[in-house]
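A.B. asks: Handing you this structure, nothing more for now.
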Amino acid sequence: RKEVEQDPGPFNVPEGATVAFNCTYSNSASQSFFWYRQDCRKEPKLLMSVYSSGNEDGRFTAQLNRASQYISLLIRDSKLSDSATYLCVVNNDSWGKFQFGAGTQVVVTP
Amino acid sequence: DAGVIQSPRHEVTEMGQEVTLRCKPISGHDYLFWYRQTMMRGLELLIYFNNNVPIDDSGMPEDRFSAKMPNASFSTLKIQPSEPRDSAVYFCASSLADGEGYTFGSGTRLTVV
């Protein structure tokens, strides 16, 4: 079993709609969680950290469910510019060894 | 800050040649990471440094790969000799250990023919 698993998608989303997807992790001792965004042929960029209480940044909401060992990302009012691959990232132990998921592709259509 | 700077952006080389990839981390960041990304394997951590010291190189695929960080503002990843299966995008990233994730460079797209 992979340490971090994501549905690869693609999630095809009409502009203005809401899309949500999850990421599961295998290590119950995982401490830090992030969502990164990667555009085609570009580097990954930090989208948001995921806090235990859940957090929101504009149209993006991230949540952590420790009991079921998953994190989620919800995008409201999708824009064409939200089309990208979203990478789930988990830090298990000492700072540095982040585990990246393979990514979930989101395609927002007009 | 200019961010994490990698060079070259693209490299095409013949099998058997030596390849050197370069990275300048964000000033003040004390962690530096080298990743490789392919369609098949996704993002793989090759090695990371803390305060210029290699901490974990368990992801380095084989002895053909080596990495150095002679000072806080410069790191290299060397492949000698290169092979076609080394073709990938190599990313460098840096961070503080403040719980706020990494910043990636723009990557080096390596093609070995």
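Bear in mind these aren't lab numbers, they're just calculated from the coordinates by the rules spelled out. As the structure is a computational prediction, the values presented were derived from the model and not from experiment. Cβ atoms come from the backbone with ideal geometry, glycine included; neighbour counts cover every protein chain shown.
A.B. asks: For a quick check: sort B:SER106, A:SER53 by the number of other beta carbons within 10 angstrom, fewest at the front.
C.D. replies: Exposure proxy ranking, most exposed first: A:SER53, B:SER106.
A.B. asks: Ratio to report: Rg/Rh of the protein assembly as shown, with Cα atoms as the point set and Rh obtained by the Kirkwood method; give two decimals. Show your work: numbers first, answer last.
C.D. replies: Values: Rg = 17.7 Å, Rh = 18.1 Å.
Result: Rg/Rh = 0.98.
A.B. asks: Could you pull out the GluC sites (Glu not before Pro) across the range A:2-33 that fall in loop regions by DSSP (anything but H, G, I, E, B) with no more than 16 other Cβ atoms inside 10 Å?
C.D. replies: A:GLU3, A:GLU15
A.B. asks: Excluding A:TYR86 itself, what net charge comes from residues whose Cβ is under 15 Å from its Cβ, given Lys and Arg +1 and Asp and Glu -1?
C.D. replies: Numbers: positive: A:ARG37, A:LYS42, A:LYS45, A:ARG59, A:ARG76, A:LYS79; negative: A:GLU5, A:ASP7, A:ASP39, A:GLU43, A:ASP57, A:ASP82.
Overall, the nearby charge balance is 0.
A.B. asks: Excluding residues on the same chain fewer than 8 positions from A:LYS79, give the aspartates and glutamates whose Cα lies under 12 Å from its Cα.
C.D. replies: A:GLU15
A.B. asks: Could you list A:ARG37, B:ARG9, A:ARG59 in order of exposure, starting from the residue whose Cβ has the fewest other Cβ atoms within 10 Å?
C.D. replies: B:ARG9, A:ARG59, A:ARG37
A.B. asks: Counting other Cβ atoms within 10 Å, which trypsin sites (Lys or Arg not before Pro) in the range B:34-113 have at most 16 and lie in a DSSP loop?
C.D. replies: Passing sites in the range B:34-113 are B:ARG41, B:ARG64.
A.B. asks: Once the piece of chain linking A:ASN12 and A:VAL107 is laid out straight, how much longer is it, given 0.36 nm per residue of separation minus the C-alpha distance between them?
C.D. replies: The span from A:ASN12 to A:VAL107 would gain 33.7 nm if fully extended.
A.B. asks: Might you report the magnitude of the Cβ-based charge dipole of chain B about its Cα centre, with Lys and Arg at +1 and Asp and Glu at -1, to the nearest 20 debye?
C.D. replies: With only Lys, Arg, Asp and Glu charged at Cβ, the dipole is about 280 debye.
A.B. asks: What spacing in nm lies between the two simple spin-label points modelled at A:CYS40 and A:ALA67, each 7 Å away from Cα in the Cβ direction?
C.D. replies: 4.2
A.B. asks: Can I ask one more? Would you work out the charge dipole size for the protein assembly as shown about its Cα centre, treating the Cβ of every Lys and Arg as +1 and the Cβ of every Asp and Glu as -1, and quote it to the nearest 20 debye?
C.D. replies: 240
A.B. asks: Holding the Cα-Cα limit at 22 Å, pick out from A:LYS42/B:LYS24; A:LYS45/B:LYS78; A:LYS2/B:LYS68 the pairs that are longer than that.
C.D. replies: Too far apart for the 22 Å limit: A:LYS45/B:LYS78; A:LYS2/B:LYS68.
A.B. asks: Arranged by the count of other C-beta atoms within 10 angstrom, fewest first, what order do B:ILE26, B:ILE47 take?
C.D. replies: B:ILE26, B:ILE47
A.B. asks: Could you tell me how far the Cα centroid of the range A:30-106 sits from the Cα centroid of the range B:15-38, in Å?
C.D. replies: If we compute the Cα centre of each part, the gap is 23 Å.
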